[in-house]
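Let me begin by presenting the structure, written as structure tokens, before commenting on it.
The values are calculated or read from the model by the stated rules, or taken from the named source; none is laboratory data. All values reported here derive from a predicted model rather than from experimental measurement. With ideal geometry, Cβ positions are generated from the backbone for all residues, glycine too; neighbour counts draw on all protein chains shown. Keep in mind that these areas ignore ligands, DNA and RNA; they rest on the heavy atoms of the full protein, side chains included. Shrake-Rupley method; radii C 1.70, N 1.55, O 1.52, S 1.80 Å.
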Amino acid sequence: MNVVREARKLFEENRRTTGGYQYTLPSREHYPYQWLWDSCFHAIILAGFDPESARAELRSLLSKQFKDGMVPHIIYWTPGILHLFRWGVEGTSSLTQPPMIAYAAWEVHRLDPDQTFLESIYPALLAYYRFLIEKRDPRDHHLVGIINPDESGEDNSPRFDAPLFAAPDISEKDHLALREKLVDKNTACNFDAETCMRDHFWVKDVLFNTALVENLRALGHIASFLKHADGEHFANLHAELVANAMREFLFADGVYWSATGRDYTLLRAATWGHFAPLFAGLYTSEEAEKVVRTHLLDPETFYAPFGIRTVSKRERAYRAEGYGDGFSWRGPVWMAPHWFIHHGLLRYGYKKEAADIRAKSVALLERSGFRECFNPETGEGQGAHGFTWGALVLDMADA
Ligand code: GLC
């Protein structure tokens, strides 16, 4: 398979334009809308061969920003096709997703500099990160909370079992029912973060906060380039504050965990969330060495024949397969975690290990095509077909 050619073809097939806005569907049959972190991945991928479309993707994503700065995680550009995703109010969801927008924007600019574009989206970017810092951290403790597992991007990850009161062997159907019940509660508290978090679900997620740190740094670069001193100060200050708070509240036994509630109870489900902080350089070199050797490369936990398991094989919740032909974040390999880990490993100089992840990612595409996720033990594809995330291998440099 020529991965580059296939990826470009898929992006053309999944491209849509509505009301003058251009965006890419994560999968034509399963996901016929625009999703937040998917669009950031799309922009990062497109930056390599079609920067104009990369900019268009981000412009569309920011076009439905709420007045308070929130950027919704789904835009229902053509409503009524699917009724699966009922997180909406008038055309968008009321949740957000891992805040990868500034990183994507800076990456697009890095590959194809365009000051006018950056200037045009800068106010929206700043408003979004201000929203996260101000509204999602009501106690000013410098960790940003999510109000629903779907905001993490890892909808049914066992990281959220405890706060959802879900059993390790819960089915996807029952899990979705729990999350939908939470959406009803979110709706009742008007998606007001402070009330929703206090009363229902308040997780300080490790991946979300890691992404936030790295994105605030990217926002800092953008602000500095555009000579917006206030924005630069805000971004760099909060990148550091969040990184420090993650260390204080989320670090235990040599790894980072997510935490829940007022008192930062650690959610001790061993997931690839342990590796996410490599992406933002949050481990020291010595810590990283241990994380890589004793967790990432351990075949009994994360290191599977076909990639990195999203959940340790030792967890009771671990399941190599999705449910039916559906997706699952309870074990299968996903390309976005591979991408985060690949970049994290390179950051620390683990070239061989990073190249191995890239090679495994390419092998999965060749074996099973552009599927949503993959069985780590057999390489079999699961969930959506024609799923765009496989193209992230184009942004995994040959190390
Ligand atoms: C699934 C994934 C989520 C993604 C969405 C669209 O819900 O869990 O991360 O954004 O599909 O691809």
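Computed quantities for the displayed model
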| quantity | calculated |
| --- | --- |
| Spatial extent of the chain: Rg and Dmax, with the Cα atoms as the point set, Å | 19.3, 52 |
| For ARG110, solvent-accessible area (1.4 Å; no DNA, RNA or ligand), Å² | 130 Å² |
| Loop-located GluC sites (Glu not before Pro) in the range 37-139, at most 11 other Cβ atoms within 10 Å (DSSP) | GLU90 |
| Cβ-defined net charge surrounding HIS238, 14 Å radius [Lys, Arg +1; Asp, Glu -1] | -3 |
| Unpartnered cysteines - no second Cys beta carbon under 4.7 Å - across the chain | CYS40, CYS373 |
| Selected from LEU241, LEU219, LEU132 as most flexible by GNM, with the chain as the system and alpha-carbon contacts under 10 Å | LEU241 |
| Separation between Cα centres of the range 233-297 and the range 363-388, rounded to whole Å | 29 Å |
| Per-selection Rg to Rh, the range 1-153 - Cα, Kirkwood hydrodynamic radius | 0.97 |
| Mean accessible surface per residue for the range 359-399, computed with a 1.4 Å probe while every protein chain stays in place, in Å² | 30 Å² |
| Solvent-accessible area of ASP140 with every protein chain in place, 1.4 Å probe, in Å² to the nearest 10 | 100 Å² |
| Dipole axis of the chain (+1 Lys, Arg; -1 Asp, Glu on Cβ), positive-most option in HIS141, GLY331, ALA54 | GLY331 |
| For the chain, size of Cβ-based charge dipole, Lys and Arg +1, Asp and Glu -1, in debye | 140 debye |
| Estimated dipole of the range 124-165 in Debye, rounded to 20 [Cβ of Lys and Arg +1, of Asp and Glu -1, Cα centre] | 200 debye |
| Structure-based [θ]222 nm, the chain - -39500 (n - 2.57) summed over DSSP H runs of at least 4, per residue, nearest 500 | -14000 deg cm²/dmol |
| Highest-fluctuation residue, ILE147, ILE170, ILE101 considered, GNM on the chain with Cα pairs under 10 Å | ILE170 |
| The chain - percent of accessible surface contributed by carbon and sulfur, probe 1.4 Å | 50 percent |
| Residue pairs, from the table LYS135/LYS360; LYS135/LYS185; LYS313/LYS352; LYS64/LYS204; LYS9/LYS64, whose Cα atoms sit over 30 Å apart | LYS135/LYS360 |
